[in-house]
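Q: Please find one structure pasted underneath; my questions will follow.
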Amino acid sequence: MAMSPTAMVARRALAAASQGSHEGGARTWKILSFVLALPGVGVCVANVYMKMQAHSHDHPEFVPYPHLRIRTKPWPWGDGNHSLFHNAHTNPLPTGYEGPHH
Amino acid sequence: MAHQAHAYHMVDPSPWPLTGAIAALLMTSGLAIWFHFHSTVLMTLGLILLLLTMYQWWRDIIREGTFQGHHTPPVQKGLRYGMILFITSEVFFFLGFFWAFYHSSLAPTPELGGCWPPTGITPLDPFEVPLLNTAVLLASGVTVTWAHHSIMEGERKQAIQSLTLTILLGLYFTALQATEYYEAPFTIADGVYGSTFFVATGFHGLHVIIGSTFLAVCLLRQVQYHFTSEHHFGFEAAAWYWHFVDVVWLFLYVSIYWWGS
């Protein structure tokens, strides 16, 4: 059936990336999904889990660099001093980490 | 009785382009009002109007195509051109943000410490969650291809399974990125590193959400027997968009996460 050249190239690339499997029907891609794609995700999940365990839990020492923690204009929420995904443990304010920290 | 003597679709008059334009006006001016006068009313109104416009406009297209038969081969060809051109415009959109990233990172200024990442920035480990995210999106590209072949071969149950799997992978990516955003030791306010990182990955994340939604609509339509093995352009458009989102991520991963660390 007709597909754009771009889509055909993408499809070809994905088919080629699956280590030489011929471009086949639904069954081929189903096999690729359960034998290659999802186990690949599983391996990466395991990798993340193991790396998380090996992490140190301390945040880097605070240095009040002028090129970081820019506050040219306050954010339109809260006190205007906290970014949208602010995390008190990992994100210091321009004045340093907030509150008591371990 | 009058019949059209051509295969094209002369669309009936519709209010949705107007409501869409009004929504765009309300959202943009509403954003300015929020920033300067701390009221979210205008922006919220614009957002609601936008959602209503999208729902009704696309519902009408589905009615015209699937139920009224207006999407003849030449009409479908036009829709294909349209989707390709739209995705092309999105490529240029992202190109701009990559330009900004490389402009700042190839020649880091003295203010940043003359290095990239800038002094004081702890970049994310590219071989932790970002690598997982890469695997998730690549896997979703495989599952969406499985879905396409299933539809073409009339395998209804497999099509539903593979499409669902694709959407779940998309949601998993979004959840992972959200936790990365929360856990990151740097914010959008951390100089040009923060700006380029969060604007580029942020717009990408928005496109993942849009793509997942598009696929979810296709899943609903597949369940309701809208697609035939020969004619399922809505799904193809969603799949093209999804592959585009995947490719943008690959560039983001290599440029910002990997090289940029």
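Q: Just to be sure I understand, how many residues within the range B:121-149 are in contact (Cβ under 8 Å) with a residue 60 or more places away in the chain and in a loop (DSSP other than H, G, I, E, B)?
A: 6
Q: Additional query: Here are some residues: B:161, B:177. Which one is of a type outside the set (A, V, I, L, M), part of a helix (DSSP H, G or I) and in contact with a helix residue (DSSP H, G or I) (Cβ under 6 Å, 6 or more places away or on another chain)?
A: B:177
Q: Next question. Hey, does the range B:37-50 have a residue that's closer than 30 Å to residue A:74 by Cβ and of a type in the set (Phe, Trp, Tyr)?
A: yes
Q: Identify, by number, the condition in (1) within 14 Å of chain A (Cβ to nearest Cβ); (2) at negative phi that residue B:28 doesn't meet.
A: Status for residue B:28: all satisfied but (1).
Q: Looking at (1) touching a residue at least 60 places away in the same chain (Cβ under 8 Å); (2) touching a helix residue (DSSP H, G or I) at 6+ places or on another chain (Cβ under 6 Å), which is the only condition residue B:73 fails?
A: All conditions pass for residue B:73, except number (2).
Here, each number is a calculation from the coordinates, and none is a lab measurement. Remember, predicted model here, so these are calculated numbers, not experimental data. Using ideal geometry, Cβ is built from the backbone for each residue, glycine included, and neighbour counts are taken over all protein chains shown.
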